[in-house]
1. Let me check against my output: what whole-number percent is the relative contact order of the chain, with C-alpha pairs under 8 Å and at least 6 apart?
2. Using heavy-atom solvent-accessible surface (probe 1.4 Å) with all chains present, what is the largest-first order of HIS262, HIS31?
3. Assuming a strict under-18 Å limit between Cα atoms, what lysine pair count do you get for segment 58-145 once near-sequence pairs (fewer than 8 apart, same chain) are dropped?
4. Under 19 Å Cα-Cα from LYS194, which aspartates and glutamates qualify once same-chain neighbours fewer than 8 residues away are excluded?
5. What accessible area per residue comes out for the chain, rounded to a whole number of Å², with a 1.4 Å probe?
6. For the chain, what is the mean residue ellipticity at 222 nm derived from helices alone (per DSSP H run of n ≥ 4: -39500 (n - 2.57); sum divided by total residues; nearest 500 deg cm²/dmol)?
7. Less than 17 Å apart at the alpha-carbon level, and either on another chain or at least 8 residues along: which lysines does that give for LYS277?
8. Expressed as an acute angle from 0 to 90° and rounded to the nearest 10, what is the orientation of the C-alpha long axis of helix 208-219 relative to the principal long axis of the chain?
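The values are calculated or read from the model by the stated rules, or taken from the named source; none is laboratory data. Computed from a prediction, not measured in an experiment: that's the story for all the values here. Glycine also receives a Cβ, built like all others from the backbone with ideal geometry; neighbour counts cover every protein chain displayed. Heads up: the accessible areas ignore ligands, DNA and RNA and are worked out on the full protein's heavy atoms, side chains in. Shrake-Rupley method; radii C 1.70, N 1.55, O 1.52, S 1.80 Å.
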Amino acid sequence: MRKLSLTDNFKKCLHTRRDTYPQHHNLWHYHEEVEFIYLAKGTGTLFVGDCIQTVAENSAVLIGSNLPHYWLFDNDYLNEYNPIDCLVVHFKPNFLGDVFHQLDETKTLQEIISNSEKGIYLENCSEEFAKLFQRIIIESDILKITKLIESLIAFHSCSPVYLASDSYEIYNHSLDTKRMNEVISYIKDNYREKVDLEDLANLAKMTKNSFCRYFKQKTGKTPIQFVSELRVSHACRLLRSSEMNLKEICYESGFNNFVNFHKIFKAIIKTSPIQYKKSN
């Protein structure tokens with residue numbers, strides 16, 4: 001897992017950029033800065049702490065300080081002919097100074113930033129919110145800061161959902177950059193095929209038991225749970241956007257048994273695949 005330093009210029013309290021191609025997104029990483037993202041174009045899967053969340057266009061995410069996360073964009077958006085449009089803002093939790101953040105008038109802002117420690121997701125953003133977020137990118141000087149505050153308040157008022165579970169704890173990840181990214185990358189490339197626990201343990205240079213404990217500590221999930229949720233996330237995308245039948249989706253998502261697919265899908269999504277398809 002990689003620690004990134006994103007706002008190292010002491011003259012700025014926030015940094016902004018607009019991505020057309022995944023940069024640091026496709027690494028299992030964390031950073032001291034809070035990350036606020038509006039995804040105008042692109043689809044994929046977001047890993048935040050112990051949560052695996054399907055993300056779609058016109059959605060926003062607020063990821064707290066030092067919370068591990070990883071973006072897996074769909075293959076359709078990994079080439080220059082079909083770019084993503086991802087607006088990114090990074091800022092320190094006390095980006096306006098300790099005195100400002102202790103004022104009674106900023107209690108709501110303090111609450112939002114504190115809640116971001118579990119990650120917060122909002123889908124189907126309003127047109128007004130999208131325009132407001134874009135102003136953070138294009139404005140300069142003090143207006144950049146005021147638009148960020150307005151966007152955070154607007155985000156909070158839309159009742160977004162929390163991502164990482166209450167039981168998820170942030171550990172010291174500084175020694176795991178290479179190992180964790182190799183494991184995640186292997187799973188990402190192979191989850192639609194058979195993923196063998198022994199192969200993962202060998203990749204991490206651990207025994208199977210030690211690897212399972214290590215992986216659970218870092219992600220909040222067992223390797224089997226992690227792979228199953230990634231497969232279900234892929235199945236959800238296919239159910240929403242393809243004309244494939246359920247059995248085709250089952251095998252395309254990496255399940256080799258339709259009964260098992262139905263059981264795991266319902267356990268994770270809380271509804272059956274066919275009910276999910278009808279509601280989307």
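1. Reported relative contact order: 18 percent.
2. Accessible-area ranking of HIS262, HIS31, largest first: HIS262, HIS31.
3. Value for segment 58-145: 4.
4. Leaving aside aspartates and glutamates fewer than 8 places away in the same chain, those within reach of LYS194 are GLU182, GLU229, GLU248, GLU252.
5. Accessible surface, normalised per residue, equals 51 Å².
6. Roughly -13000 deg cm²/dmol at 222 nm, from the helical runs in the chain.
7. LYS247, LYS263, LYS266
8. It is inclined by approximately 30 degrees.
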